[in-house]
Amino acid sequence: THFETVIHGGTVVTAGESFKGDIGISDGRIAAVADTLAGGDRRIDAGGRLVLPGGIEAHCHIAQESSSGVMTADDYYSGSVSAAFGGNSTFVPFAAQHRGQSIASVIETYDGRAAPNSVLDYSYHLIISDPTAEVLAELPGVFARGITSFKVFMTYDLMNIGDAGMLDILTIAKAHGALTMVHAENNEMVKWMNRRLAAAGLTAPKYHAPSRPELAEEEAINRAISLAKLVDAALFIVHVSTRGGAEIVRREKLAGAKLFAETCPQYLALTRAALDRPGMEGAKYICSPPLRDTATQDVLWSHIRAGTFESVSSDHAPYRADATGKFLNGADAAYPKIANGMPGIAMRLPYLFSEGVLKGRITLADFVRLSSTNAARVFGLDRKGAIAPGFDADIAIWNPQESRRVTQPMQHDNMDYTPFEGMEITGWPETVMNHGRIVVDKGELRAKPGSGRFIARKPVDTGAMPGHRAVEFDVVAGYGQEIAP
Ligand code: URP
Ligand code: ZN
Ligand code: ZN
Ligand code: ZN
């Protein structure tokens, strides 16, 4: 066979095994995996390196307006470049519907933002904030286009769709094999806490943390799972940040709920103490759910190790610490007027590798699952997330020994800060390929804007998962009937 590229002499790691071997690539796909492969128009020496499935970033906000109209600093060019420098081959940002918009117009807008600019393969999760009858009627067409997941919010006044709205969406998702992702925080608890804090004049960034209590997340996770169970739909809980939330997820999974979940590096790396830095510095660390405490960090790591989470995602939500982002509403705005989110798409995998694999918290196989393989399976990227013949040549070659101190320019994003500044991280991606193209090599960007492709995703196969549908849901068949034991 003729190979365009052969990656030679590295340690290949997949979710299942690890071996020394060569990878032959042709037409953007992995064509052969063997002890040694001859030939190749281009040969990449991976001696002393780890050869991993390229990361799949399944939670990031790119070229997206927040509900209050703040645009992220990263577009599909800078966002995909930063993702690639962080070891990712593919990313799945959100296409966000704001109230009053048709889904067709939203998808068209994001296609226009992504197609000319992305250096990585991409897809979208559709955010639905306005589930009117017309909007719900558009969803089957969205699934047919290969957008097979969406996100709904239980919080933020302009985004949250209420329990009945969630049931409508979960029901349609189940019928079409789509997966519903949920941002779970109790909106009324948050609003009530905001009122209480405002009445006491407590509006500095540090009050963001108590305004969004752990119980707000726990209650909403529990409610979201109950809603999904009523209609036997699958559910993905994003950015779990609390002990209580993780425990509910674990218990419900063990009890057979059709449930997936993720956590994010910021909840492992930082605590709410960062919100209390001098002046308005704390604004950089405002994200929702908020940063928690050190005890929670340990608990989340133990849940990562135990398999509670399918993936660790960045939740990259880049708003600069200037008047275009965090301080759009003034240099000393009250915390509820500061955009929520922090950047981290380039740090997700180095952080997880350095603090997880090298510190013995997770295995290398866990790292591959959490960074790539599980996201591919859960979100229907059927040719990605593994190193085996037939899969896309989405590959990241890592130097597991290189140590670097984190700086903002290393992120290659459009931001003016990184929450990971100054951390000493060992293990960095050196060469990142997407569909056989070299995107990043030894610190150099090698891909052109628009070289990434939209990937139509498969329906999410939860048919084999155990399920639960409340008897009351079957109004016609079940109402007034004896219920079988
Ligand atoms: O604070 C965050 N995470 N902002 C991004 C939007 C979201 O809720 O995921
Ligand atoms: Zn040739
Ligand atoms: Zn969220
Ligand atoms: Zn998010």
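Full-extension gain between residue 163 and residue 2, please, as 0.36 nm times their residue separation minus the C-alpha to C-alpha distance.
Values: separation 161, 0.36 × 161 = 57.96 nm, distance 5.56 nm.
Gain on stretching residue 163 to residue 2: 52.4 nm.
Let me have the 222 nm mean residue ellipticity of the chain computed from DSSP H runs of 4+ only, each contributing -39500 (n - 2.57), with the sum over all residues rounded to the nearest 500.
Working: 14 runs with 131 residues, N = 485.
Helices in the chain give a 222 nm mean residue ellipticity of -7500 deg cm²/dmol.
With all pairs of different alpha carbon atoms counted, what Kirkwood hydrodynamic radius in Å does segment 1-75 show? Intermediate results must be reported in sequence, preceding the final value.
Values: mean 1/r = 0.0682 Å⁻¹.
By the Kirkwood definition, the hydrodynamic radius is 14.7 Å.
Separation between the residue 461 and residue 446 pseudo-spin-labels, each 7 Å from Cα along Cα→Cβ, expressed in nm?
My value for the distance between the label points is 3.4 nm.
Under 5 Å between amide hydrogens, which residues at least 5 positions from residue 261 or on another chain qualify, with H placed 1.01 Å from N in the peptide plane?
The list, which skips near neighbours in sequence, is 237, 310, 311.
What number in nm² do you get for the chain if you take the convex hull of its Cα atoms and divide its surface by four?
On the way: hull surface 92.9 nm².
Spelled out: convex hull of the Cα atoms, projected over all directions, averaged, 23.2 nm².
Give or take rounding to whole Å, what are the principal axis extents of the alpha carbon atoms in segment 228-289, in descending order?
Principal extents (Cα only, largest first): 48, 18, 15 Å.
Please give the length that would be gained between residue 192 and residue 402 if that part of the chain were fully extended, namely 0.36 nm times their separation in residues minus their C-alpha to C-alpha distance (nm, one decimal). Don't skip to the answer; put the middle values down first.
Values: separation 210, 0.36 × 210 = 75.60 nm, distance 4.78 nm.
Full extension of this stretch gives 70.8 nm more.
Using all alpha carbons of segment 40-106, what is the percent of pairwise distances in each 10 Å bin, ordered from the shortest bin to the longest?
18, 36, 25, 12, 8, 1
If you take every residue apart from residue 141 with its C-beta less than 15 Å away from the C-beta of residue 141, what net charge results, scoring Lys and Arg +1 and Asp and Glu -1?
Here the count lands on -2.
Relative to the present Cα-Cα distance, how much length would full extension add between residue 35 and residue 359 at 0.36 nm per residue of separation?
Details: separation 324, 0.36 × 324 = 116.64 nm, distance 2.98 nm.
So the chain would gain 113.7 nm between residue 35 and residue 359.
Hey, could you get me the Stokes-Einstein D for segment 394-435, Kirkwood radius over alpha-carbon pairs, 4 °C and 1.567 mPa s, rounded to whole µm² s⁻¹? Show your work: numbers first, answer last.
Working: Rh = 11.5 Å.
For these conditions, the coefficient is 113 µm²/s.
Once amide H atoms are built 1.01 Å from N in the peptide plane, which residues 5 or more positions from residue 10, or in another chain, come under 5 Å H to H?
Hits under the 5 Å cutoff: 21, 46.
In whole Å, what three semi-axes, largest first, describe the equivalent ellipsoid of segment 110-209 built from its Cα gyration tensor (square root of 5 times each eigenvalue)?
Values: eigenvalues 204, 75, 21 Å².
Ellipsoid half-lengths, sorted descending, are 32, 19, 10 Å.
Quick one: dipole size for segment 188-245, taken about the Cα centre, charges +1 on Lys/Arg Cβ and -1 on Asp/Glu Cβ, in debye to the nearest 20. Working shown, then result.
Working: 8 positive and 6 negative charges, 54 e Å.
That gives a dipole near 260 debye.
What Kirkwood radius, in Å to one decimal, follows from the Cα pairs of segment 1-128?
On the way: mean 1/r = 0.0596 Å⁻¹.
Result for segment 1-128 stands at 16.8 Å.
Rounded to whole Å, give me the distance from the Cα center of segment 65-105 to that of segment 118-192.
Answer, in whole Å: 16.
Computed over the Cα atoms of segment 159-205, what is the ratio Rg over Rh, Rh following Kirkwood? Mind showing how you got there, number by number?
Numbers: Rg = 16.1 Å, Rh = 13.1 Å.
Rg/Rh for segment 159-205 comes to 1.23.
5 Å is the cut-off here: which amide hydrogens, built 1.01 Å from N in the peptide plane, fall below it relative to residue 185, excluding neighbours closer than 5 in sequence?
Amide H to amide H, under 5 Å and 5 or more residues apart or across chains, residue 185 pairs with 154, 155.
Would you mind computing, in nm to one decimal, how far apart the modelled labels at residue 108 and residue 473 are, each placed 7 Å from Cα along Cα→Cβ?
The modelled label-to-label distance comes out at 3.5 nm.
Restricting to bridges with both residues inside the chain, how much of the DSSP beta-bridge set is antiparallel, in percent to the nearest 5? Could you put the intermediate results ahead of the total?
On the way: 32 of 66 bridges.
Approximately 50 percent, going by the DSSP bridge assignments.
Count charges around residue 170 for me, please; just the other residues with Cβ under 14 Å from its Cβ, Lys/Arg as +1, Asp/Glu as -1. Walk me through the numbers on the way to the answer.
Values: positive: 151, 174, 223, 229, 258, 469; negative: 163, 168, 232.
So the surrounding residues net to +3.
Please report the Cα spread of segment 401-476 along all three principal axes, rounded to whole Å, starting with the longest.
Ordered largest first, segment 401-476 gives principal extents of 61, 31, 28 Å.
Just so you know, all these numbers are worked out from the coordinates, no wet-lab data involved. Only a predicted model underlies this, so the values are computations on that prediction, with no experimental measurement involved. In this analysis, Cβ positions are derived from the backbone assuming ideal geometry, glycine residues included, and neighbour counts consider all displayed protein chains.
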